Amino acid sequence: MKKIILTIIPAFLLSSILFGQGSRMGTASSTQLQVVQGARYLSGGGAAANAVGMDAAYWNPAGLSRSENGVDAIFSNRQYIADISNNFFGVAVDFLGMKMGANVRTFNIGDINETTVYSPDGTGQVYTPNFSIIGATASKLLSDNTSVGVNANYVRESFGRVSASGMAFDLGVQYRGLASVDGLDVGFVLRNFGNAVKYDGEGLGVAAEAIDGDRPLEYYKVDAASFDLPFAFDMGLSYNVAGANLGFTYTSNYYATDEMKLKVSYDVGELATLGAGYQMSSEAKTQSQQGDGIQAIAPVESDWYTNPFDGVSFGGSLNLSQFTGMNLTLDYAMLPAGDFGSNQVLSMRVGF
């Protein structure tokens, strides 16, 4: 098993180098896949290495099998940006020597006034975008130290008379006791790989009249462009020492700037856990023309992009088992959101 891990690590490191490009920013579809779910791990420092239970369905599917509960359930609500709210619900059970889970993510965006090229001030109608993700997770312990897992996420988004859907997959591995050091864990996750997504539907029909000839007004259907999923790769380290947990995650985004995430948490007895995190992103890059027909990627001198979720986050968990007689935990996190203020995340975890 150690040989497998040692083979995987260089491959993941190479992929990080190859995929760490910021020049493709804004060209990916279904970026709702990147919205952090749950509050337990804040912005994600070390989560790829130590996430367990249903929280792992987002951070690293390999961690689902590390839960000691026969049944895990979670409900989370995040107040996102511009009055958008995000709900996350999931449940996992033991099945055939593995952990199997299912989850649903929904986004409440609200009504939007319809505008068109011919009615820029509005048509008097409204439409409601619908974004949802339905996921399934399978995870298995290969040994006391090693676990693997896979996510399959069905992504659907629609508004007006057009819609798009596709499948996104995550593949993760966690290894406990790295280099035979107790409490030192490592995790790797390939996130959101799958086929490109494109919009389709009646809303792509347009009325057009030939420039020449006597043909009458005809209706044509626009062939929408397809866009890739927001592929990313996470490498995480976690270390437990003296009741504290130190976490680090490096996220290499193929369609955005790379991110570094730190987290420290401390257990206050068996009652609560307090934590703080910090996220910073690499410089944004763009494509510039150099020479005759040769494209090269060069950093932009001006600070034209700032990740709104960079900065300090904090939160905590409250273990209510001694008050309720059941394995019940409440998690809270406050995450930075730049000009949008902050995001409040509240989640409830139950185990049986």
**Fill in**
Scanning the stretch 69-122 residue by residue, those assigned to a loop (DSSP other than H, G, I, E, B), surrounded by 13 or more Cβ atoms within 10 Å (Cβ to Cβ) and hydroxyl-bearing (S, T, Y) turn out to be Y80
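Conditions tested, residue by residue: (1) out of contact with any Asp or Glu (no Cβ under 8 Å at 6 or more places or on another chain); (2) under 25 Å from T31 (Cα atoms); (3) crowded, with 21+ Cβ neighbours inside 10 Å.
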site	(1), (2), (3)
G135	yes, yes, yes
L142	yes, no, no
F159	yes, yes, no
M167	yes, yes, no
V181	yes, no, no
V189	no, yes, yes
R215	no, no, no
F227	yes, yes, no
**Item:** In the stretch 191-213, residue surrounded by the fewest Cβ atoms within 10 Å (Cβ to Cβ) [restricted to those that are in a loop (DSSP other than H, G, I, E, B) and among the small types (G, A, S)]
**Value:** G213
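Check Y220, Y154, Y199 and return the single one that is under 26 Å from the mean Cα position of the chain (by Cα) and modelled with pLDDT under 95.
Residue meeting the stated conditions: Y199.
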**Request:** Could you please let me know if S147 is more than 19 Å from V104 (Cα to Cα) and part of a loop (DSSP other than H, G, I, E, B)?
**Result:** no
**Message:** What are the pairs with Cβ atoms under 9 angstrom where one residue, in the stretch 275-293, is farther than 20 Å from N253 by Cα and modelled with pLDDT of 80 or more and the other, located anywhere, is of a type in the set (D, E) and surrounded by 12 or more Cβ atoms within 10 Å (Cβ to Cβ)? Sequence gap at least six, or different chains.
**Reply:** none
**Request:** With the checklist (1) closer than 28 Å to V312 by Cβ; (2) among the acidic types (D, E); (3) in a loop (DSSP other than H, G, I, E, B) in hand, flag the one item D55 doesn't pass.
**Result:** (3)
**Prompt:** Pick from V155, V150, V126: which is surrounded by fewer than 14 Cβ atoms within 10 Å (Cβ to Cβ) and of a type in the set (A, V, I, L, M, F, W, C)?
**Reply:** V126
**Request:** Could you look through the stretch 239-262, keep only residues that are of a type in the set (D, E, K, R) and in a strand (DSSP E or B), and pick out the one that is surrounded by the most Cβ atoms within 10 Å (Cβ to Cβ)?
**Result:** K261
**Complete:** Taking first residues from the stretch 231-245 that are under 12 Å from D182 (Cα atoms) and second residues anywhere that are of a type outside the set (S, T, N, Q) and not in a strand (DSSP E or B), the pairs with Cβ under 7 Å that are 6 or more apart or on different chains are S238/G46; S238/A49; Y239/G183; N240/G183; V241/G183
**Message:** I'd like to verify a number: residues in the stretch 85-122 that are touching a Leu at 6+ places or on another chain (Cβ under 9 Å) and over 20 Å from D170 (Cα atoms), how many?
**Reply:** 1
**Message:** Could you check the stretch 223-245 and list, in sequence order, the residues that are under 23 Å from the mean Cα position of the chain (by Cα) and of a type outside the set (F, W, Y)?
**Reply:** S226, D228, L229, P230, A232, D234, M235, G236, L237, S238, N245
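The values are calculated or read from the model by the stated rules, or taken from the named source; none is laboratory data. Note that the structure is predicted; figures quoted are calculated from it, not measured. Methodologically, a virtual Cβ is constructed for each residue, glycine included, from the backbone with ideal geometry; neighbour enumeration extends over all protein chains shown.
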